[in-house]
Structures are given as structure tokens and as C-alpha cells.
Amino acid sequence: MSADVGDDGRGRNGQCRGTGSDARQFRLAGAEGPMTAWCRILGEAGPVVAARRNGELWPVRSAGQPVTDLHPIVRGELDPASLTFGEPVALIDAHLLAPIGSFPRNIFCIGKNYREHALEFTTSGFDSSGTAAQDLIPTAPIVFSKPFTSVIGPGDLIDPHPHLTSMLDYEAELAVVIGRGGRDIALADALDHVFGYTIGNDVTARDRQRHHRQWLLGKGMDTFCPMGPAVVTAEEIDLANAVVECRVNGELRQKASVADLIFDVPTLIRDLSAGMTLVPGDVIATGTPAGVGIGFDPPRFLKPGDEVAATIEPIGTLTNRIG
Ligand code: MG
């Protein structure tokens, strides 16, 4: 892959221009519409952000230098006039990385946020956080976190940590990427703070989750947060009609509409930002639908070699194997 830059410092293939109204509305010269899907790929000189369009990835440069992380774009800091695109590479040839390379802190996660999953989890015997009848369906968001050190990219192997767990499970989730920070964000303003959306797999060691009576240790182990394949900007996704799917070795295990969230995205942003500042680059995994391994009787845990593929269109499919 080469990022082709001409004598004037601008990409030969793709000069860009802003719309004038939004610094994040980067456009390829000669192409219709703004760039709205952002990936990161491993280039010859290291990680570089690439805009995805029609099956091709366009490496991004700013003022002649590769843009190595998505943060300047999330924050709206890049001058569209300074942005150029190098030679595109085919999506199938690219080594995709997690679309965000560094995080301001842990990934926020929401537990039991789909009604059917809340029921399957609470009745599975693995939920040591609350088993009374009134705990079946949460009345307020259940929030925990995954350390950012658990994040891996598309195609990376999930470490099964066999010395620590024998009950490895998957959770496909829509994840929110905060673009504009804030505290005490009002419900009506919440979506204005969203840069875009990606897919997360909230990989979980069920035995550790149960044993420790809280969720960080069972969900925070290295490689337990696959993320990607892209961050798609908020205006490109119709949350009312977005569908979360998860397949294990090709078998459909999870399928639900994002509209079925018990606590929707604006509610999560309002509640998380109450008295606590959200910052650009924060990620919120919104919870998983029914159909996880412990939802089956007997449970169907992951084993080495299994392939987990989480899909939300138009973000794409996040695929990882158990190592
Ligand atoms: Mg989860």
C-alpha cells in the first residue's frame, strides 16, 4: 500500500473539501457524498486511518502526514483542506485494525439492556448480581466497563485464557463513539454528542463473571473486546431500523433490532453524563441481545477455532476466531 502524495503535498487520487458546515464532512474529489465510514489499517509505516467507500479503503493524510488514529476526525480537529487520500487498497487485501487506536479510559458497557437477554441471563444461573424477581428487567441502566487493553481489531484472535476460564461466551453489541464531550447532557441533545457507531463483541468468561459477583474481571481480560470493522458516522445509521446479528461458525445465534433496547442511546448518554463528563473518543457498548451461549440449555460455550461474526449494517461484520 502506498499513500500517493503529489508535488503539492496533496493526494493524487483524492483531494478533499469540506462542506463548510461541518469539519468532519470530508469528501473525495470526484465522488458523490461525504466519507462516512472510517477504518484503520496496518500500512507499510504503521497504522493509518482509511476511509471506506465501495469496497475500497483510502488512506488518510493530513498536511502530508499519515493520520494514525481516528481521534482528530472524531473531535473535528482536522482541517478538511489539509486532508488528502492516498492510493486506495481493496478491503479484502487490507489488514484491518480496531478503528480507534487509543482510548481516553475504559470502554463503558451496559448490561442486560435487551429484555429477552435480561431474562435469559437472569435465569441462566450465571447472574450473581441480582436474581430476585424485581431484578429480572433493569429499571435503570446497569453500567460496567472493559479496560481499553482488552480491545482487538477485526480478524485478531480472541485468547481463550484456558487457565482462567472454561466458559467463554460472546455478546454482539452496537457501540456508540462520543464525538463531543459534555456533562449533564439533556435527553434531547444526546445524539448531538455522537460521532458515530461501531460494533463490539463483549467477550465474557462466564465463570469469572459469576465467581467475582461483578463483571469487570470476567469481561476485561486481554482480547475480550473485539471492535470494528469501521466507525460509521451517526447520520448514516437509522437506529430505529438497525439490526444486531451474531453468528458462530455461520450459525445465527443473535438477532434483534436496536429499537428493542430497554434504555436507548439518548437515555444512556443522559445517564452516563449525569455528574460525570463524557469526553470525545469515549465508547459505550449498548448491550447484547438474546442468544448468547448461556441462553442455551445446556450452555454452548466457545472453543478454540470457533469463529464469531457480529454484523450491524452499514457498519459491516466484525469477525474473530478463538485462538
Ligand atoms: Mg455485554
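The values are calculated or read from the model by the stated rules, or taken from the named source; none is laboratory data. The shown structure was predicted, so the numbers you read here are calculated from the model rather than taken from an experiment. Don't worry about glycine lacking a Cβ; one is built from the backbone with ideal geometry, like all the others, and counts go over all protein chains shown.
Here Leu216 passes the criteria (1) modelled with pLDDT under 95; (2) of a type in the set (A, V, I, L, M); (3) away from the ligand (no atom under 16 Å from the Cβ) except the one numbered (3).
Taking segment 274-294 as the range and being within 12 Å of the ligand (Cβ to nearest atom) and either of a type outside the set (A, V, I, L, M) or not assigned by TED's automatic domain parsing to the domain that holds Ala140 (or both) as the test, the residues that pass are Thr286, Gly287, Thr288, Pro289. Taken over segment 94-125, the criterion of being closer than 14 Å to Ile284 by Cα and in a strand (DSSP E or B) is satisfied by Ile107, Phe108, Cys109, Ile110, Gly111.
Among the residues that make up segment 175-185, is at least one of them in contact (Cβ under 8 Å) with a residue 12 or more places away in the chain, assigned by TED's automatic domain parsing to the domain that holds Thr311, assigned to a helix (DSSP H, G or I) and out of contact with any His (no Cβ under 7 Å at 6 or more places or on another chain)? The answer is no, given that none of the residues of segment 175-185 is in contact (Cβ under 8 Å) with a residue 12 or more places away in the chain, assigned by TED's automatic domain parsing to the domain that holds Thr311, assigned to a helix (DSSP H, G or I) and out of contact with any His (no Cβ under 7 Å at 6 or more places or on another chain). For segment 77-93, the set of residues classified as surrounded by fewer than 23 Cβ atoms within 10 Å (Cβ to Cβ) and either assigned to a loop (DSSP other than H, G, I, E, B) or in the same structural domain as Gly281 (by TED's automatic domain parsing) (or both) consists of Glu77, Leu78, Asp79, Glu87, Pro88, listed by residue number.
In segment 48-76, of all residues being touching a residue at least 40 places away in the same chain (Cβ under 8 Å) and not hydrophobic (A, V, I, L, M, F, W, C), the one that is surrounded by the most Cβ atoms within 10 Å (Cβ to Cβ) corresponds to Pro59.
Condition check for Leu119 on (1) under 21 Å from Gly200 (Cβ atoms); (2) within 16 Å of the ligand (Cβ to nearest atom): one failure, at (1). Per the listing Pro298, Pro304, Pro280, the residue uniquely in contact with a helix residue (DSSP H, G or I) (Cβ under 6 Å, 6 or more places away or on another chain), modelled with pLDDT of 95 or more and not acidic (Asp, Glu) is Pro280. Does Thr267 meet the test of being under 16 Å from Ala118 (Cβ atoms), more than 15 Å from the ligand (Cβ to nearest atom) and touching a helix residue (DSSP H, G or I) at 6+ places or on another chain (Cβ under 9 Å)? Yes: the conditions hold for Thr267. Where strands (runs of 3 or more DSSP E) fall entirely within segment 215-286, those with at least 1 residues that are surrounded by fewer than 19 Cβ atoms within 10 Å (Cβ to Cβ) are at 243-248, 251-257.
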